[in-house]
Each structure stands twice: as structure tokens, then as C-alpha cells.
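Reviewing the structure listed below.
The values are calculated or read from the model by the stated rules, or taken from the named source; none is laboratory data. Source: prediction; values computed, not measured. Every residue, glycine among them, receives a Cβ derived from its backbone with ideal geometry; neighbour counts consider all protein chains shown.
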Amino acid sequence: MLSSIKTMFLILAVTFLLGFTFFYMKSPVFQEIYLDKLNYKMQHKKPIFQRIYPDSQPVEFKNESWRLMNKFPQLSSDQDKNLPECPEIPPDLGPLDIRVVYNTSLPMIISQNPNIRPGGRSRPQHCMAQQKVAIIIPFRNREAHLKTWLYYMHPFLQRQQADYGVYVVEQMEDTVFNRAKLMNVGYATASKDYDYSCFIFSDVDIIPMDGRNLYRCSTNPRHMANSVDKFNFKLPYNDIFGGVVAFKKEHFIKVNGFSNVFWGWGGEDDELFQRVVAVGLKVDRPDQTIARSRMISHKRDPGNERNGKSFPLIRKAYKRLHQDGLSSLNYTIISITSHKLYTKVTVDIGDGEDASLEAN
Ligand code: UD2
Ligand code: MN
């Protein structure tokens with residue numbers, strides 16, 4: 001009798017354990033935290049692309065050879081010239097309810113956005129978009145933020161009738177993070193991919209809360225994160241130029257891109273502001289009500305500690321303008337991978353030697 005109770009108890013315990021494991025593995029928490037971490041580790045062990053999500057059909061372009069290939073024939077410049085131009089202001093845009101999303105996955109986002117082409121590209125089907133926009137996201141180890149960004153931003157950009165591509169520029173492990181240099185690499189890579197006229201440099205954790213905040217370029221370089229929840233929807237200081245900025249191609253070339261010498265957190269955005277002023281451009285900002293944006297809250301990342309040298313560097317921003325930036329950009333592409341929702345550019349940008357350029 002006792003032994004049959006024991007057996008039954010054992011069977012019940014095993015069934016419970018199996019059931020729990022099954023449901024846990026299917027749960028968003030598991031998918032979010034562990035699978036993302038695993039993917040990240042796998043990618044870094046093998047620079048060659050590993051198939052991550054079952055239906056993302058990636059294409060691998062190693063080093064520079066990808067340039068020679070006609071990757072996106074369906075999105076080449078030869079769109080039907082007879083299409084009417086899309087309206088200046090797209091219809092039906094308004095406030096959006098933005099929260100961090102936990103219960104989604106990349107396959108789900110893919111199925112919710114059937115018109116996205118490989119590499120995270122899309123353009124309106126029935127009209128010619130006003131601009132061709134590359135969105136550049138500096139990245140390392142922020143998979144959950146990226147997922148939230150993709151979840152909101154693909155529908156957002158499509159409703160804005162944008163002709164756009166998303167470039168996630170990932171810095172390799174074990175070096176101090178350099179957001180600005182990753183932006184320059186993103187610019188260089190996207191420029192070789194398509195004739196983009198507008199470049200939007202965006203943090204992975206900022207999501208606009210209103211569809212009327214057009215992700216496009218305007219007459220001057222545009223600071224678009226001028227109303228972020230983290231700062232109570234106000235400008236913490238007047239010259240702030242971080243978060244999300246938009247540059248026409250000719251303006252980004254004119255300022256020689258971002259500086260490459262800001263390793264670690266802070267200052268690179270202020271330096272870019274100085275560059276804009278130095279070349280005689282002004283900064284545009286959208287209306288602060290329409291520009292309301294959420295920043296997913298987070299701690300400072302390991303490997304992105306505060307850059308202690310940023311103040312002396314910014315003071316000499318004018319001097320370095322022509323030697324430090326796109327003109328001195330030096331990097332090694334590890335891989336360029338065309339995922340369904342974005343193009344991932346994994347890059348080795350070195351580990352800080354560029355700082356020797358500073359302030360001479
Ligand atoms: C502020 C600025 C940001 C930048 C930063 C200083 C705003 C709203 N934001 O953001 O634009 O100037 O200060 O550098 O003004 N990242 C990774 N992995 C890392 C580290 C950074 O992916 O390990 C990327 C990611 O896209 C992130 C961005 O770099 O959003 C900026 O880093 P942050 O979010 O830690 O900086 P934060 O929020 O203080
Ligand atoms: Mn942030």
C-alpha cells in the first residue's frame with residue numbers, strides 16, 4: 001500500500017515537473033531572457049551567422065563581398081516612377097499607447113508585419129515616399145529593448161509611409177562601448193546598401209508616443225528626443241542632442257559624422273551638437289507634445305562606464321572636426337546579416353586607441 005502511494009506520488013511529481021518545464025519554456029519570460037542571452041552568446045562564439053529564429057531566413061554577407069551582390073532586388077531604386085508622391089502628412093496619425101512589451105517574440109512581430117522585406121526594409125506600395133530613411137541603432141546586449149523597438153517601430157514607420165531600412169550596429173564584446181563610432185559605421189554601411197537621403201540615429205530604448213512625430217529629415221539636423229519621459233518631457237539642458245537625431249545625408253557629411261574618440265558613456269551627443277553649430281547649421285526640434293517619447297528604463301551597461309574625458313574633448317570639438325569622424329573612420333566588419341526585421345552589422349571598432357587623436 002505504502003509503496004503504491006509512493007509510486008503515485010512520484011508519477012504526480014514527475015508529471016508536474018514536466019508540465020512546469022514545458023509551460024516555462026513557452027513563456028515569454030523564458031523566451032525573453034534566456035533565449036535572447038543564448039542567441040547573443042552563440043552569435044559571438046561564431047561570427048558566421050547562426051539561424052536564430054526559425055522563420056527569419058537570414059542571408060549572410062561576410063566582410064565587404066556583400067557590396068557586390070544585388071541583395072534586395074525588390075527594393076532597388078527602380079520603383080514605378082508613375083506612382084504618385086505620398087502626401088506630406090500621412091493620414092490617420094495620432095497618440096500611441098507605448099509600454100514595454102513582454103509577451104511577444106520576433107516570429108510574432110514578423111507575422112504582424114507581413115510587408116517587411118529582408119533586412120528590415122519597407123516602402124509604401126501605392127505611393128512614392130517623401131524620403132529614403134536609414135535608421136541606425138547602436139547596439140550591444142540589449143535584445144529585449146530591440147524587440148520592443150521593433151514591435152512598435154515597424155508599424156509606426158509603415159503608417160508614416162516611409163521608405164526605410166533598419167540597421168542594428170553591434171559592437172563586439174569586451175571593448176568599451178562607443179555609441180558614436182557605431183553610428184558612423186551604420187551610416188557607412190547603409191549608404192552602400194541603398195541611396196538613402198536621410199539618416200536617423202536612434203538609441204535602441206526610445207519609442208515615440210505619437211505617430212505625428214515624423215521619422216524624417218527636415219531643413220536642419222533634427223533633435224527628435226526633445227520630450228522624453230525620463231526627463232519629464234522637458235529638455236534637461238538646452239543643447240542636448242542625444243537619444244534620436246535625424247540628418248540629411250549632405251548635412252551628416254558636412255559635420256564629418258560623429259567623433260570616433262568617445263569611448264564609454266556620455267559627451268558624444270554634445271560633441272555632435274558642437275559640430276552642427278561649427279558648420280553653420282541650426283538644430284530643428286519637433287513640437288514637444290508631438291515628440292513625447294518613452295525611454296525604456298535601464299541601468300548603465302557594463303562596458304559603458306562614464307567617459308571621464310568628454311569635457312576636454314568637447315571643448316576642442318571645432319579643432320577636431322575635420323580630422324576625426326567619417327574621414328578617419330576605421331573598422332572591421334565581422335558580419336552583415338539580413339534578418340527579417342533588421343540588418344545586423346557586427347563590427348570590430350577597436351578598443352580606444354583613437355583617443356590619441358584628442359585635442360591636439
Ligand atoms: C543618453 C542619451 C544617449 C547617449 C547617452 C550617452 C538621451 C535620451 N539619451 O542615454 O543618446 O547620448 O546618454 O552615451 O539623451 N547601448 C547598447 N549597449 C550598451 C550600451 C549602450 O546597446 O551596452 C546603446 C543603446 O542603443 C542605448 C544607447 O547605446 O540606448 C545609449 O546608451 P544608454 O541608453 O545607456 O544611455 P542613456 O540612456 O543615458
Ligand atoms: Mn537609454
- (1) of a type in the set (A, V, I, L, M); (2) out of contact with any Pro (no Cβ under 8 Å at 6 or more places or on another chain); (3) farther than 25 Å from residue 307 by Cα: which one isn't true of residue 128, the others all being true? (2)
- Message: Looking only at residues that are within 13 Å of ligand 1 (Cβ to nearest atom) and free of Cβ contacts under 8 Å to residues at least 60 places away in the same chain in the range 270-299, which one is surrounded by the fewest Cβ atoms within 10 Å (Cβ to Cβ)?
- Response: 299
- Only one of (1) under 13 Å from the mean Cα position of the chain (by Cα); (2) away from ligand 1 (no atom under 16 Å from the Cβ); (3) hydroxyl-bearing (Ser, Thr, Tyr) is not met by residue 167, so which one is it? (2)
- Note on the structure: Expected output for the range 92-120 (first residue of a type in the set (Val, Ile, Thr), partner assigned to a strand (DSSP E or B) and at pLDDT 95 or above, Cβ below 6 Å, 6+ apart or cross-chain) is 98/207; 98/294; 116/122
- Quick one: which of 148, 219 is away from ligand 2 (no atom under 16 Å from the Cβ) and of a type outside the set (Phe, Trp, Tyr)? 219
- Query: For the subset of the range 269-307 comprising residues that are among the acidic types (Asp, Glu) and closer than 22 Å to residue 218 by Cβ, which member is nearest to ligand 2 (Cβ to nearest atom)?
  - Reply: 269
- Task: Consider residue 240 carefully, then state whether it is part of a loop (DSSP other than H, G, I, E, B), among the aliphatic types (A, V, I, L, M) and within 16 Å of ligand 2 (Cβ to nearest atom).
- Result: yes
- Message: Out of the residues in the range 170-183 meeting the condition of being at pLDDT 95 or above, under 17 Å from residue 136 (Cα atoms) and aliphatic (A, V, I, L, M), tell me which one is farthest from the chain's Cα centre (by Cα).
- Response: 180
- Are any residues in the range 124-172 aromatic (Phe, Trp, Tyr) and under 23 Å from residue 210 (Cα atoms), and if so, which ones? 149, 151, 152, 156, 164, 167
- Message: Every residue in the range 207-240 that is under 15 Å from residue 283 (Cβ atoms), surrounded by 22 or more Cβ atoms within 10 Å (Cβ to Cβ) and within 16 Å of ligand 1 (Cβ to nearest atom), please.
- Response: 221, 222, 223, 224, 225, 226, 227
